[in-house]
Amino acid sequence: MTATALRNGPPRRTVLVGGIGVRSAFGPGLAALRDGVTAGRPAFVPVDRFDTAGHRTDRAAVAPGSPRLADQLVDVLAEAGALSGAPGDAPEDLLLALHGDRRAGPVAAEVAERTGLRPRVYTGACVAAATAVADAAALIASGRRERVLVAAGYLVEPDTFAVFDAGRALAGDGAVRPFSLGRQGMLLGDAVVAVVLESVPSLRRRGGLNPLARIAGWARTGDAHHVCRPDPDGTGLARAVHHALARAGAGPGAIGYVNANGAGSKLGDLAEAAALRTVFPSGTPPVSSTKSVHGHALEASALLELAVTVGVLQSGKLPVNAGWQHPDPGCPLDLVLDRPRPAAPGLALTLNSAFGGANTALLVAAA
């Protein structure tokens, strides 16, 4: 698909990030997340909010205590400015990514009751939040909406922990080592995030505040390869990157940083590395997976990693790919190791993949 094909139709409008609210294992706020990720300090600790006896690992990136998801979603929506629209604004749509279990409906209903927002729930595995961002960006770019709220939440809980542990997907050594030889898998992590996406006129009506970033491009693709295993050639993920670049009217050389999906699984990391080699045949830009410090938040991962990517653009420092031990010949990437690198990234790319061969690519630019 060409850039021309993607640009047919009404003139596209700029999609701005007007506000972000975050709760993660590093604490409340975008600054805490940005600083923790930049330092390359893994937030994995023994889980004490439920019994982990008999599991291969007891580690996850969890905040203290046993917070309620609905409470935290309301908090991050307020922090992002999502509950303070311009005077006279009608109740707004909320694109809400939640883990697809019996709790999703009651959580969405409580958030609606307490905020007056209209939730539309996304439960499409680990690309759910990125899918919501793509839908929101398309609504704003096409002129159908001035402002769209996107939120996502996952708090580590016993059911999913047990399922992933039984499937031997969790790292038994208590560390996530993306793209490293000897990696053993993923670890779960808390994430509750809200992002306000809006047009330039919407931001001005709310007081002319400075945007945090710009969503320059987005794309979604499917492999249709296997219900669990990724396409080893990374074809679908590479296609998502190319489509996002075409939408942004940019080439691969414009990307200065990749926040990789990098969950630390052997097959997943190899497939993602293959995709990046396809997009960047002469060598990749700097790459790191911040799941190595904040863990995998399932349906909320993509929104947490979008927040991280915005923080990277603000700080000018590329975060470390933590946990790395030895080079994997199948992952010849320019990994950020040992310490943060200075950055002038231009466009930053954040990638996510999920079971069933779903892939998303979001391109983020400094405001």
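Give the accessible area for E79 in Å² (nearest 10); use a 1.4 Å probe, count only protein heavy atoms, and leave out ligands, DNA and RNA.
Result for E79: roughly 80 Å² accessible.
Would you mind telling me the antiparallel percentage of the DSSP bridges in the chain, rounded to 5?
70 percent
For the chain, what does the helix formula give at 222 nm: sum of -39500 (n - 2.57) over DSSP H segments with n ≥ 4, over the residue count, nearest 500 deg cm²/dmol?
-9500 deg cm²/dmol
Could you pull out every residue, at least 5 positions away or on a different chain, whose amide H is within less than 5 Å of the one on L335? Hs are placed 1.01 Å off N in the peptide plane, and Pro or chain starts have none.
Residues meeting the amide H criterion: V287.
Would you please classify the overall shape of region 274-367 from the alpha carbon gyration tensor, given that a ≥ b ≥ c denote the square roots of the eigenvalues, rounded means a/c under 1.5, and beyond that prolate means a/b larger than b/c while oblate covers the rest?
Values: a/c = 1.22, a/b = 1.02, b/c = 1.20.
Rounded.
Hey, any idea what % of the chain's accessible area is carbon plus sulfur with a 1.4 Å probe?
54 percent
Would you please state which residues of region 271-303 a label at Q325 would reach in this model, taking the label point 7 Å out along Cα→Cβ and a backbone N cut-off of under 17 Å?
Once the point is set 7 Å along Cα→Cβ of Q325, 292-293 turn out to lie under 17 Å by backbone N, inside region 271-303.
F26 accessible area, nearest 10 Å², 1.4 Å probe?
40 Å²
For region 46-56, just list the computed ³J(HN,Hα) in residue order, Karplus coefficients 6.51, -1.76 and 1.60, θ = phi - 60°, integers in Hz, with x standing in for Gly and Pro.
Calculated HN-Hα couplings, in order: x, 7, 10, 8, 7, 7, 10, 4, x, 8, 5 Hz.
Which whole-number percentage describes the relative contact order of region 78-153, with Cα contacts under 8 Å and a sequence gap of 6 or more?
Relative contact order comes out at 39 percent.
With Cβ to Cβ distances under 13 Å as the rule, what net charge do the other residues near N359 carry (K, R +1; D, E -1)?
Taking every Cβ under 13 Å from that of N359, the sum is -2.
Tell me, what is the FRET efficiency for A78 and R13 to the nearest 0.05, using R0 = 30 angstrom and their Cβ-Cβ distance as r?
With R0 = 30 Å, the Cβ-Cβ based efficiency is 0.70.
By DSSP, what percent of the beta bridges with both residues in region 254-350 are antiparallel, rounded to the nearest 5?
Roughly 30 percent of the DSSP beta bridges within region 254-350 come out antiparallel.
Within the set of other residues whose C-beta is less than 15 Å from the C-beta of V279, count the net charge using Lys and Arg as +1 and Asp and Glu as -1. Intermediate results must be reported in sequence, preceding the final value.
Working: positive: R239, R247, R277; negative: D231, D233, E272, D334.
Here the charged neighbours net out to -1.
Please work out the average accessible area per residue across region 86-173, using the 1.4 Å probe convention, and give it in Å².
Per-residue value: 40 Å².
Quick one: if you stick a label point 7 Å off each Cα along the C-beta vector at A39 and L181, how many nm between them?
Once both label points are built, they end up 3.2 nm from each other.
Amide H to amide H, which residues 5 or more places from N261 or on other chains are under 5 Å from it, using H placed in the peptide plane?
Amide H to amide H, under 5 Å and 5 or more residues apart or across chains, N261 pairs with L351.
Mind giving me the FRET efficiency for E113 and D338? R0 is 45 Å, r the Cβ-Cβ distance, nearest 0.05 is fine.
So, using R0 = 45 Å, E works out to roughly 0.40.
The values are calculated or read from the model by the stated rules, or taken from the named source; none is laboratory data. Computed from a prediction, not measured in an experiment: that's the story for all the values here. All Cβ positions, glycine included, derive from the backbone under ideal geometry; neighbour counts span all protein chains shown. With ligands, DNA and RNA removed, areas are computed over all heavy atoms of the protein, side chains included. Shrake-Rupley method; radii C 1.70, N 1.55, O 1.52, S 1.80 Å.
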